[in-house]
Amino acid sequence: MDLMGTATVKATLADGTDILAVTVEAGTARQAWRELREEHAMTGLWPFLVDAQAPTVLDRLPRAGEQREQHRGAAEIFARGKAVLPAAQTDPVSSETESASSVAQTTTIGLIAAEYGGVEIPGLLDWDAASGISGLEHTAVLADWRRRFGAELLALTADRIELHVPRPPTEAGSVAALRLEQAGYCAATQTRATGTLWCFQWPIGL
């Protein structure tokens, strides 16, 4: 099926950038995401799964955005983990290579012009679900993990970011350091970031 041929404009950002969406059958979203990712070289559009039920994150666009003159870099956000998660609590990364996305049953996949990996998308959309972290700060974190581990944006919902990470660390020291970074980024108990699927969820309204 030509997924791109079914894409429709879902929203338009303040700078004129169109956010497209394609509709897929429930249960096929992860495979459709892979197919759309393979077409990135031709389309320049990065796919991301959205909420399984309406309204989706796309229905809330465009966002007003948080206007701040300065945004923290990844290192500053990661440093918060030392106060949140004692090193003794760091668990080894699972050996799993593939997990089910929490929005695997979604029927909507968003598409936006972005570099391969899509890590700048939270910044482009001014994604503000995580209290105290701006969209551009999410992008800084994701870009750092892309550089080191190959992280790619898989899903963006009203309260959740999911990453496909093809090269997660496995050495004990690197795993412990990563756990601190993850805690600094998202200390919520809903976080599950092991193997090749990293999931970060922030409590809505906090």
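The values are calculated or read from the model by the stated rules, or taken from the named source; none is laboratory data. All of these numbers come straight from a predicted model, not from anything done at the bench. All Cβ positions, even for glycine, are placed from backbone atoms using ideal geometry, and neighbour counts span all protein chains on display. Remember, those area values only see protein heavy atoms, side chains included, never the ligands or the DNA or RNA. Shrake-Rupley method; radii C 1.70, N 1.55, O 1.52, S 1.80 Å.
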Discussion item. Tell me yes or no: at least one residue of segment 20-37 is touching a Gly at 6+ places or on another chain (Cβ under 8 Å) and part of a strand (DSSP E or B).
Written reply: yes
Worksheet item: When you look at Ile112, is it under 27 Å from Leu3 (Cα atoms) and either free of Cβ contacts under 8 Å to residues at least 60 places away in the same chain or in a helix (DSSP H, G or I) (or both), yes or no?
Response: no
Practice prompt. Considering (1) open to solvent by less than 40 Å² (accessible area, probe 1.4 Å); (2) touching a Leu at 6+ places or on another chain (Cβ under 7 Å), say which one Leu156 fails and leave the rest.
Written response: (2)
Practice prompt. Search segment 123-134 for residues that are under 17 Å from Ala74 (Cβ atoms) and without any contact (Cβ under 8 Å) to a residue 24 or more places away in the chain and pair each with any residue that is acidic (Asp, Glu) and buried (at least 19 other Cβ atoms within 10 Å of the Cβ) when their beta-carbon atoms are under 9 Å apart and the residues are at least 6 apart or on different chains.
Written response: Gly123/Glu137
Response to the item:
Going through segment 5-50 in order, the residues found to be within 17 Å of Thr107 (Cα to Cα) and without any contact (Cβ under 8 Å) to a residue 40 or more places away in the chain are Gly5, Thr6, Thr8, Val9, Thr28, Gln31, Arg34, Glu35
Practice prompt. Determine if segment 136-152 includes at least one residue that is modelled with pLDDT under 95 and open to solvent by 10 Å² or more (accessible area, probe 1.4 Å).
Written response: yes
Discussion item. With the requirement that a residue be among the small types (Gly, Ala, Ser) and open to solvent by 70 Å² or more (accessible area, probe 1.4 Å), what does segment 12-37 give you?
Written reply: Ala14
Discussion item. Criterion first (surrounded by 13 or more Cβ atoms within 10 Å (Cβ to Cβ), modelled with pLDDT under 90, touching an Asp or Glu at 6+ places or on another chain (Cβ under 7 Å) and not in a strand (DSSP E or B)) does Ser94 satisfy it?
Written reply: no
Item to complete: Give the number of residues within segment 112-135 that are modelled with pLDDT under 95 and of a type in the set (Val, Ile, Thr).
Response: 1
